[in-house]
Amino acid sequence: MKRIVSPSILSADFGNLERDTLMLNRSKAEWVHIDVMDGVFVPNISFGFPVLKAVTKVSTKVIDTHLMIVDPIRYVEQFAKAGSDYVTFHYEAAEDVTACIDAIHAAGAKAGISIKPATDVSVLEPYIDSIDMVLIMSVEPGFGGQSFIANSLDKVRELKAMIAAHNTECIIEIDGGVSADNASQVYSAGVDVIVAGSAVFCAEDPEAEIVKILEA
Ligand code: DX5
Ligand code: ZN
């Protein structure tokens with residue numbers, strides 16, 4: 001299976017966003033993770049369209065947008081059209097999950113659903129044939145730099161079995177508390193894409209750290 005790393009620019013230096021985006025362009029990371037927080041779904045506010053556009057203007061990578069916002073249907077189309085290749089919304093935040101998936105696809109992007117640590121993988125079953133990705137949160141969404149919640153890998157294995165049973169192409173991403181120290185276990189459990197924020201941007205050599213995660 002192919003390993004992908006998606007560095008989260010939440011941990012980048014916003015005063016040097018172009019520099020950090022160019023660093024990612026040179027790196028072995030194939031994706032860039034964009035964490036959008038509204039201060040309502042999560043107790044933190046990050047950034048919105050202007051920052052996304054500043055990244056897409058410079059980035060040559062797959063843009064992986066993670067919406068931690070209430071009522072995602074109001075914004076999914078706009079995030080897709082602003083240059084996201086993947087738009088992922090939270091199951092817990094969506095009133096009509098199918099409508100969100102359809103709106104993302106209609107806008108030309110790939111659709112992902114994310115679940116928080118307390119949400120059961122089984123809630124995804126009705127949608128697994130129509131989505132491109134599931135994002136398992138391995139920390140409570142809201143902040144970078146938290147510790148990995150261990151039972152997240154059980155959820156990955158359960159999801160992997162569900163995807164196999166449905167014989168679909170859906171990929172698995174994990175987000176929160178992943179570094180070169182636990183990346184090997186995470187990929188072995190069946191994860192395709194690792195999001196890494198602080199592990200990459202707090203490293204002395206972020207490009208080398210990305211390679212360490214990929215080769216863990
Ligand atoms: C948390 C965000 C994550 C965060 C991960 O709500 O969704 O993407 O940036 O940061 P680390 O890798 O530092 O746990
Ligand atoms: Zn995220």
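The values are calculated or read from the model by the stated rules, or taken from the named source; none is laboratory data. Just so it is clear, the model here is predicted, and its values are computed rather than measured. Cβ coordinates were reconstructed from backbone atoms using ideal geometry, including for glycine residues, and neighbour counts include every protein chain displayed. Areas reflect the complete protein model, heavy atoms only, side chains present, ligands, DNA and RNA absent. Shrake-Rupley method; radii C 1.70, N 1.55, O 1.52, S 1.80 Å.
Overview of results
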quantity	calculated
Count of region 75-116 residues which are of a type in the set (A, V, I, L, M, F, W, C), in a helix (DSSP H, G or I) and within 16 Å of ligand 2 (Cβ to nearest atom)	3
From GLU173, GLU207, residue being away from ligand 1 (no atom under 16 Å from the Cβ), under 26 Å from LEU17 (Cα atoms) and in contact (Cβ under 8 Å) with a residue 12 or more places away in the chain	GLU207
Residues being assigned to a helix (DSSP H, G or I) and within 16 Å of ligand 2 (Cβ to nearest atom) - total across region 184-216	6
SER46 vs. criteria open to solvent by 10 Å² or more (accessible area, probe 1.4 Å), among the hydroxyl-bearing types (Ser, Thr, Tyr), within 16 Å of ligand 2 (Cβ to nearest atom) and farther than 16 Å from ALA196 by Cβ	yes
Filtered residues of region 1-23 (kept if assigned to a helix (DSSP H, G or I) and more than 14 Å from ligand 1 (Cβ to nearest atom))	GLY15, ASN16, LEU17, GLU18, ARG19, THR21, LEU22, MET23
Test: residue in region 122-132 that is within 24 Å of THR21 (Cβ to Cβ) and not in a strand (DSSP E or B)	yes
Single residue of region 37-61 satisfying the filter (free of Cβ contacts under 8 Å to residues at least 40 places away in the same chain and assigned to a strand (DSSP E or B)) that is farthest from ARG26 (Cα to Cα)	ASP38
Any hit, region 103-119, residues being more than 17 Å from the chain's Cα centre (by Cα), surrounded by 19 or more Cβ atoms within 10 Å (Cβ to Cβ) and over 15 Å from ASP192 (Cβ atoms)	yes
Candidate set: region 133-161, residues that are of a type in the set (Gly, Ala, Ser) and in a helix (DSSP H, G or I); chosen: the one most open to solvent (accessible area, probe 1.4 Å)	ALA161
